[in-house]
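The values are calculated or read from the model by the stated rules, or taken from the named source; none is laboratory data. The shown structure was predicted, so the numbers you read here are calculated from the model rather than taken from an experiment. Positions of Cβ are generated from backbone atoms using ideal geometry, with glycine treated the same way; all protein chains shown enter the neighbour counts.
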């Protein structure tokens, strides 16, 4: 008897647990009867259903994120870019969502990914790389949101936002851009070198000119000083000669002898009565 009571209690507990379900604040629940929708429950709390007849499907009302796989697109310049994007969406009509997708989130993600891919392809084909990288991202995402809202209206969901996380150039385009940048830098460097060489020639020419002027002025001044010195020297010699003519003549003769007999083997064959030997021979006048 006790065993039968336990079985009855377990059966009652099982039936009650099958008849009760809860709806959280972040959920919407659809009650089904043999696959047909009976009601949609949005209010949170404890709910009742018919065991073995009704079943409940719950959906998250919060914003969902679809991180779309990276895709390759052609720009208006026929250049390949690799775009990484994501979509923020949520269910705004659980009944329509269930009818359209059977509650299959994977199917919804696939459909959204296809819509976003089509929108990005259309938008990128109208623009250059510079446009999509810098100036027109906001316009691109706004246009894609408008396009997606039209295409998903039958799914009972809404697009909250579409964002482009990253835009990468393909390897071929990256190499092309790098070569173009390298060529531009080389052109600028060549221009700087050319200007530098021109400035160097101007500076060098000015320095050479200044050097020539300085040397010429220095030579002129040295010649003037030398001339003045020679004049003073000649004046001194003349004054000394006038003061003692004999001594000056004797001194000049000694200087001539010194220069004439500078070596030990020097020999001169001269008439002893010449002017050269006047101071050695008093008879010579």
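A single entry from 128, 118 fulfils the requirement of being at pLDDT below 80, closer than 21 Å to residue 166 by Cα and not assigned by TED's automatic domain parsing to the domain that holds residue 21: 128.
Counting only strands (runs of 3 or more DSSP E) that sit wholly inside the range 48-140, those with at least 3 residues that are buried (at least 17 other Cβ atoms within 10 Å of the Cβ) are 54-60, 80-91. Which one of these does residue 36 not meet: (1) assigned by TED's automatic domain parsing to the domain that holds residue 163; (2) out of contact with any strand residue (DSSP E or B) (no Cβ under 9 Å at 6 or more places or on another chain); (3) within 27 Å of residue 155 (Cα to Cα)? Here residue 36 meets the rest and fails (1). For the range 141-152, a residue qualifies if it is out of contact with any helix residue (DSSP H, G or I) (no Cβ under 8 Å at 6 or more places or on another chain), within 20 Å of residue 99 (Cβ to Cβ) and surrounded by 13 or more Cβ atoms within 10 Å (Cβ to Cβ), and exactly one does: 149. Checking each residue in the range 127-156 for being touching a strand residue (DSSP E or B) at 6+ places or on another chain (Cβ under 7 Å) and without any contact (Cβ under 8 Å) to a residue 12 or more places away in the chain picks out only 149. Determine whether the range 195-215 contains at least one residue that is touching a helix residue (DSSP H, G or I) at 6+ places or on another chain (Cβ under 9 Å), farther than 30 Å from residue 63 by Cβ and free of Cβ contacts under 8 Å to residues at least 40 places away in the same chain. No, that holds for no residue. For the range 150-157, indicate whether the set of residues that are part of a loop (DSSP other than H, G, I, E, B) and farther than 19 Å from residue 71 by Cα is non-empty. For the range 150-157, residues part of a loop (DSSP other than H, G, I, E, B) and farther than 19 Å from residue 71 by Cα: present. Taking the stated definitions as given, is residue 201 closer than 21 Å to residue 75 by Cβ, modelled with pLDDT of 80 or more and out of contact with any strand residue (DSSP E or B) (no Cβ under 6 Å at 6 or more places or on another chain)? Here the answer is no, as residue 201 does not meet what is asked.
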